[in-house]
Amino acid sequence: MNILFAAEVVLFALLAQSSLANAVGPERVEEIVGGKCFICHGLEGESSSKQYPKLAGQHAEYIAKQLADFKSGRRKSDTMQAMSSDISAEEMLALGRYFETKTSPMVPRENAELAASGRMLYFSGNAASGVAACASCHGPRALGTAQLPRLAGQVRGYLQNQLQQFNTRERRNDNEVMHNVAARLSEQEVIAVSEFISSFE
């Protein structure tokens with residue numbers, strides 16, 4: 001009975017989210033993307049700057065959560081707080097749905113040796129320092145989930161920046177696990193795993 005009830009709750013939540021996103025027309029989504037998002041992330045979410053993440057292919061629910069966290073100040077960024085200040089929850093989810101359908105070319109691998117080291121860390125972790133395998137949460141293809149971000153193809157410099165922010169606890173709006181992981185990574189491991197993930201095939 002409890003399992004059935006839980007399944008119904010999940011189904012209701014998914015239907016509610018779908019209704020929220022569908023309540024916002026494509027014209028409004030294009031207006032927000034063209035007026036706000038494209039400046040840093042590109043019209044297709046194809047950012048290549050280490051300052052701004054790629055949004056193309058990212059999970060809609062994850063994007064909506066990050067926007068809500070920026071708006072509330074739970075995730076710190078003066079720019080993003082201003083950008084999200086007049087965006088509703090419905091619009092956030094609709095924007096997520098928009099970017100989730102987009103694709104962008106993979107970043108060419110710059111250093112094969114670093115990428116090989118990063119691959120080992122991604123799939124096996126580092127038992128000596130207590131770093132868990134990234135794949136245990138983000139999946140064997142780094143595609144993540146609705147709650148955990150897709151990492152595959154993300155800008156390498158942005159990945160490095162975020163790991164640093166988790167390490168210093170400048171970024172505190174997501175899973176506590178990431179603070180522990182980032183704190184145990186060496187600078188070289190951060191560079192290596194970012195190299196691998198950014199060019200994940």
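Between a first residue in the stretch 133-151 that is more than 15 Å from Val181 (Cβ to Cβ) and a second residue that is surrounded by fewer than 16 Cβ atoms within 10 Å (Cβ to Cβ) and aromatic (Phe, Trp, Tyr), which pairs have beta carbons less than 9 Å apart while being 6 or more apart in sequence or on different chains? Short answer, once both residue conditions are applied: Pro140/Phe123. Could you tell me whether Lys71 is free of Cβ contacts under 8 Å to residues at least 24 places away in the same chain and either under 19 Å from the mean Cα position of the chain (by Cα) or within 20 Å of Gln162 (Cα to Cα) (or both)? So Lys71 passes the test. Selection of the stretch 99-129 for residues being assigned to a loop (DSSP other than H, G, I, E, B) and of a type outside the set (D, E, K, R) yields Thr101, Thr103, Ser104, Pro105, Met106, Val107, Pro108, Asn111, Gly125, Ala127, Ala128, Ser129.
Of the residues making up the stretch 86-105, none is of a type in the set (Gly, Ala, Ser) and within 20 Å of Ala182 (Cα to Cα).
None of Ala82, Ala89 is among the small types (Gly, Ala, Ser) and without any contact (Cβ under 8 Å) to a residue 24 or more places away in the chain except Ala82.
If you filter the stretch 92-132 down to residues that are of a type in the set (S, T, N, Q) and free of Cβ contacts under 8 Å to residues at least 40 places away in the same chain, you find that the one that is farthest from Ile32 (Cα to Cα) is Ser124.
Table: residues versus (1) in contact with a helix residue (DSSP H, G or I) (Cβ under 8 Å, 6 or more places away or on another chain); (2) within 24 Å of Arg97 (Cβ to Cβ); (3) not charged (D, E, K, R).
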residue	(1), (2), (3)
Asn111	yes, no, yes
Ser117	yes, no, yes
Met120	no, no, yes
Ala128	no, no, yes
Val131	yes, no, yes
Arg141	no, yes, no
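Scoring Arg169 on the criteria (1) within 22 Å of Tyr52 (Cβ to Cβ); (2) in contact (Cβ under 8 Å) with a residue 12 or more places away in the chain; (3) among the charged types (D, E, K, R) leaves a single failure, condition (2). If you go through the stretch 175-201 and keep only what is part of a loop (DSSP other than H, G, I, E, B), out of contact with any Pro (no Cβ under 9 Å at 6 or more places or on another chain) and either of a type in the set (S, T, N, Q) or surrounded by 15 or more Cβ atoms within 10 Å (Cβ to Cβ) (or both), you end up with Asn175, Leu185, Ser186, Phe200. Any residue that is out of contact with any Cys (no Cβ under 8 Å at 6 or more places or on another chain), in a helix (DSSP H, G or I) and farther than 24 Å from Gly45 by Cα - is there at least one of those in the stretch 141-163? No: zero hits.
Read-outs throughout are calculated quantities, based only on the coordinates presented, and are distinct from any laboratory measurement. Note that the coordinates shown come from a computational prediction; the quantities given were computed from them, not determined experimentally. Every residue, glycine as well, gets a Cβ built from its backbone with ideal geometry; the counts of neighbours run over all protein chains shown.
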